[in-house]
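The values are calculated or read from the model by the stated rules, or taken from the named source; none is laboratory data. As the structure is a prediction and not an experimental result, all values here were calculated from the model. Counting neighbours? That spans all protein chains shown, and the Cβs are built from the backbone with ideal geometry, glycine included. Note: areas computed on protein heavy atoms with side chains; ligands, DNA, RNA excluded. Shrake-Rupley method; radii C 1.70, N 1.55, O 1.52, S 1.80 Å.
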Amino acid sequence: MGPGQEGPVGNELAIDRQLPVDTLLKGQGAPLYVFGWLGHENRMGELANLKYEYDPERARELLAEAGYSNGFEINMALTTRPFPGTVQMGEMACLMWEEIGIRCSQTRSQMSAFRPSFVDRSWEGLNTHG
């Protein structure tokens, strides 16, 4: 949750974080709930225990409350990275989001080809990253 947020938003409830660990990584890993602390988790305080349970029905309700009862479309750049399952995880996320009405327009690209639009911020959408 960010400042001023009272609870999770639809996207946080629409991803089954354990599924890719079990399938793509064959159980070798753990779901990540809060990104960006990179070894400084001891500074997270209460956020360290924050976990969003997979609940697509609640995600649909939250999207409807936000004015997106018919969902919306988003671009997803499936870029190759030196991490296992990066592209496949992006595909899985898109399938999970489709269940709540978020339609993904998927674009496959090598990161080296995609990087210029990432750096100059001309890409409008999401990008797989690790």
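Quick notes
- The residue that is most open to solvent (accessible area, probe 1.4 Å), among those in the stretch 33-73 that are modelled with pLDDT under 75 and under 20 Å from I102 (Cβ atoms), is F35.
- The stretch 109-124, subset touching a strand residue (DSSP E or B) at 6+ places or on another chain (Cβ under 7 Å) and assigned to a helix (DSSP H, G or I), residue farthest from T79 (Cα to Cα): F118
- Search result, residues across the stretch 80-119 that are in contact (Cβ under 8 Å) with a residue 40 or more places away in the chain and in contact with an Asp or Glu (Cβ under 8 Å, 6 or more places away or on another chain): M96, I102
- Here is the figure for the stretch 79-108: residues that are open to solvent by 30 Å² or more (accessible area, probe 1.4 Å) and either in contact with a helix residue (DSSP H, G or I) (Cβ under 6 Å, 6 or more places away or on another chain) or not in a helix (DSSP H, G or I) (or both) total 13.
- Boolean, S122 is farther than 25 Å from Q18 by Cα, touching a residue at least 12 places away in the same chain (Cβ under 8 Å) and open to solvent by less than 80 Å² (accessible area, probe 1.4 Å): no
- Residue pairs meeting the criteria (Cβ under 6 Å; at least 6 apart or on separate chains; first hydrophobic (A, V, I, L, M, F, W, C), in the stretch 36-64; second in a helix (DSSP H, G or I) and open to solvent by 50 Å² or more (accessible area, probe 1.4 Å)): A48/E41
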